[in-house]
Amino acid sequence: MPDLGIEVLLKGNNLMRLLAGLGVALKISLIAIGLSIPLGILIGMLVNGKNPIIKGIYRVYLEFIRIMPQLVLLFLVYFGTTRAFGWDLSGETASVFVFTLWGTAEMSDLVRGALISIPKHQYESSAALGLNRSQTYFYVIIPQTVRRLLPLSINLITRMIKTTSLILMIGVVEVLKVAQQIIEANRMSSPNAAFGIYLTVFFLYFIACWPISRLAAYLEKKWR
Amino acid sequence: MAEELLTIDHLTKQYGENVILNDVSLTVHKGEVVVVVGSSGCGKSTLLRCINALESIQGGEICLQGEKIEQEGKNITALRQKIGMVFQCYELFPHLTVLNNILLAPVKVQKRREEEVKAEAFELLKRVGLEDKADSYPRQLSGGQKQRIAIVRALCMHPDILLFDEVTAALDPEMVREVLDVILELAEQGRTMIIVTHEMQFAKAVADRIIFIDDGKIIENSKPEQFFSHPETERAKQFLNMFEYKRK
Ligand SMILES: Nc1ncnc2c1ncn2[C@@H]1O[C@H](COP(=O)(O)OP(=O)(O)O)[C@@H](O)[C@H]1O
Ligand SMILES: [Mg+2]
């Protein structure tokens, strides 16, 4: 049996430190998700209207966020703006900010897409049955939009959780950073620790994301 | 003659400069079945959509039992409840079961007791042979079944008049019959209906009156026997000829 360096996990409180790292990653992503979803719904509904100025600004925002790698955005906010504007931003705050910016853009695009995918005759047959505008939205349009939206937004949530692995680059001590620290500290005693520790990190991400993507698959099937 | 139910008076409908319905006048009496025919694009659907105020109108007026139908009118949702409409494409709500499709408007809009509407819904479902589909979703039904459900959904609102817009046009031929039979039964019950169709045999059988529209104008308005055997206009003759097959 090759030495995978698993025993390093049991040294001291290494496992607890890894879990705490995962906690940091989850905390940042959950705050960002909690902000992105309502903001994304709001903006997605707003840009579905007719105002060309709102639409124009929105397109620029969406393209900008889409084109920019998340890491560049993180550097821009954490190193760039702190220098340029002289404010003091912790790595975690900068991460929440960037992830919210990104999540809101993606979420609003999903909402926009779901809304325009509801065919016109759904509005018309509601009207023909005597439903007024708010009844039409409440009983017909929103339930169908939510059904289309839910699996997609759950995928977005898992993407956001996974992408927190980048924030170690701006000094946030999340799970991957803890893993590096542990491996570094045990370089002499267990030179093979890298494999075992990273494998553990893999499982931690898996445990965090797998139930969520199962839920997405389940809802997709149920509401097909 | 029975009382006048629907009156259309010098109706004009335009999309921009494009005149779609040109000075259309028509009166439908209680219990009357009016069948509207005409070539594709002549304005049949637009006429029905104007009656239901799904389209704005640019001239004239439409009244249901003396009440003016206006798109921006305060009572438009109340008026629409008196006008049942079934469209060409299946427009059931995909996220609701058949039963909930039927119950939605009577319960949420008309605020009727759910138990009462449910009993009526099952009664009607039985009449169209679909009582076992109450808990199915629209995606589990065939086109003909969906259209029969759409008819039941409209009937459950207790409308004064029913509008049918080519409800069999998107169906496979073997399903046309089951839907038209339901409409024939409604005619026998004395319901007031305006039916747009391309099924000429059905039109002959169901109509009290035939309206022939050409290029946005009503150019014939006559008894079915008259219309099918002795059409007055050249356009109607040409139109009817399209349904005849002869070897040259
Ligand atoms: N939303 C619209 N905008 C512009 N023109 C339209 C619109 N809807 C229908 N039309 C035009 O109105 C005419 C009548 O259409 P329609 O009433 O659907 O005809 P029919 O039902 O008799 O086939 C057609 O020439 C069609 O191109
Ligand atoms: Mg049509």
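The values are calculated or read from the model by the stated rules, or taken from the named source; none is laboratory data. Just so we're clear, the structure is a prediction, and the values are computed from it rather than from any experiment. Don't worry about glycine lacking a Cβ; one is built from the backbone with ideal geometry, like all the others, and counts go over all protein chains shown. All accessible areas refer to the heavy atoms of the entire protein, side chains included, with ligands and DNA or RNA removed. Shrake-Rupley method; radii C 1.70, N 1.55, O 1.52, S 1.80 Å.
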Report task. Report, ordered by the first and then the second residue, all pairs with beta carbons closer than 6 Å, sequence separation of six or more or different chains, a first member in the stretch A:173-187 that is farther than 18 Å from A:Phe203 by Cα, and a second member that is part of a helix (DSSP H, G or I). Result -> A:Asn186/A:Val8; A:Asn186/A:Ala193
Report task. From (1) under 29 Å from A:Gln70 (Cβ atoms); (2) in contact with a Ser or Thr (Cβ under 6 Å, 6 or more places away or on another chain); (3) among the polar types (S, T, N, Q); (4) within 11 Å of chain B (Cβ to nearest Cβ), pick out the condition that doesn't hold for A:Asn132. Result -> (1)
**Report entry** Search result, residues across the stretch B:147-175 that are surrounded by 19 or more Cβ atoms within 10 Å (Cβ to Cβ), more than 14 Å from every other protein chain (Cβ to nearest Cβ) and more than 16 Å from ligand 2 (Cβ to nearest atom)
**Finding:** B:Arg148
Query - Criterion violated by A:Leu115 - all others in (1) within 30 Å of B:Ile76 (Cα to Cα); (2) within 14 Å of another protein chain (Cβ to nearest Cβ) satisfied - result: (2)
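Residues checked against (1) more than 14 Å from chain B (Cβ to nearest Cβ); (2) charged (D, E, K, R):
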residue	(1), (2)
A:Val140	no, no
A:Arg159	yes, yes
A:Thr163	yes, no
A:Leu168	yes, no
A:Lys177	yes, yes
A:Pro191	yes, no
A:Phe203	yes, no
A:Pro211	yes, no
Query - Among residues of the stretch B:22-45, those that are within 8 Å of ligand 1 (Cβ to nearest atom) and in contact (Cβ under 8 Å) with a residue 60 or more places away in the chain, counted - result: 6
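Is it the case that A:Pro151 is in contact with a His (Cβ under 8 Å, 6 or more places away or on another chain) and open to solvent by less than 50 Å² (accessible area, probe 1.4 Å)? Write out each step before concluding.
Values: in contact with a His (Cβ under 8 Å, 6 or more places away or on another chain): no; open to solvent by less than 50 Å² (accessible area, probe 1.4 Å): yes.
Answer is no for this residue.
When you look at A:Lys120, is it farther than 30 Å from B:Ala154 by Cα, of a type outside the set (Gly, Ala, Ser) and surrounded by fewer than 18 Cβ atoms within 10 Å (Cβ to Cβ), yes or no?
No.
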Query raised in the report: Given the conditions (1) within 14 Å of chain A (Cβ to nearest Cβ); (2) surrounded by 18 or more Cβ atoms within 10 Å (Cβ to Cβ); (3) in a helix (DSSP H, G or I); (4) at pLDDT 95 or above, and given that B:Leu92 satisfies all but one, which numbered condition is not satisfied?
Result: (3)
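I'd like the full set of residues that are assigned to a helix (DSSP H, G or I) and surrounded by fewer than 14 Cβ atoms within 10 Å (Cβ to Cβ), limited to the stretch A:8-30. Write out each step before concluding.
Going through the stretch A:8-30, the residues assigned to a helix (DSSP H, G or I) turn out to be A:8-10, A:14-30.
Correct list: A:Leu10, A:Met16, A:Gly23.
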